[in-house]
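The numbers here are math on the coordinates, done by the rules we state, and not lab data. Here the structure is a predicted model, which means the values were calculated and not measured. Backbone-built Cβ (ideal geometry, glycine too); neighbour counts: all protein chains shown.
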Amino acid sequence: MRVDPQFLTRVRQGGEFDASVCMNCGVCTALCPLGVELLPRRLFRYVLLGNPDAVREQTETIFSCLLCHMCESNCPAGVHITENVRTLRTHLNREQYHLAEA
Ligand code: SF4
Ligand code: SF4
């Protein structure tokens, strides 16, 4: 695994991203109508750990999210899950068109 210590900073160039208070409880996963297992428990962790390759591999999942807020409205830690997902989409789009700083 390639660790990129600047990954979180680069993701935040695309908007708000904060998952630092996520306690990995799994409520979001249990309530997601799509059964999107990776959002946000592992996916956000990939960002915090600086693993851009793992995030890129989940592009389809990231763009499949309905932004329905079901997970976010029940998150006991108040993580802004849907805003984080929007930011990741922006980041992946910027990366695709070489707009994200390396
Ligand atoms: S419900 Fe909130 S605190 Fe729990 S795993 Fe999901 S984002 Fe993290
Ligand atoms: S916002 Fe996305 S991850 Fe959250 S419950 Fe809805 S579809 Fe699932």
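Within the listed set 51, 74, 84, the residue fluctuating most in the Gaussian network model of the chain (springs between alpha-carbon atoms under 10 angstrom) is 74. Over the chain, dividing the summed -39,500 (n - 2.57) contributions of all DSSP H runs of at least 4 residues by the number of residues returns a 222 nm mean residue ellipticity of -12500 deg cm²/dmol.
Other residues within the sphere of radius under 15 Å centred on the Cβ of residue 84, judged by their own Cβ, net out at +3 (K and R +1, D and E -1).
Each Cα pair under 8 Å and six or more residues apart adds its separation to the average, and for the chain the resulting relative contact order is 40 percent. GluC sites (Glu not before Pro) within region 46-102: which are DSSP loop residues with at most 13 other Cβ atoms inside 10 Å? For GluC sites (Glu not before Pro) across region 46-102 that sit outside H, G, I, E and B with at most 13 neighbouring Cβ atoms in 10 Å, the list reads 101. This ranking places 22, 28 by how few other beta-carbon atoms lie within 10 Å of each, fewest first, which gives 22, 28. At a Cβ-Cβ separation cutoff of 4.7 angstrom, cysteine residues of the chain with no neighbouring cysteine are 22, 25, 32, 65, 68, 75.
The gain in end-to-end length when the residue 80 to residue 42 segment is fully stretched comes to 12.2 nm, 0.36 nm per residue minus the alpha carbon separation.
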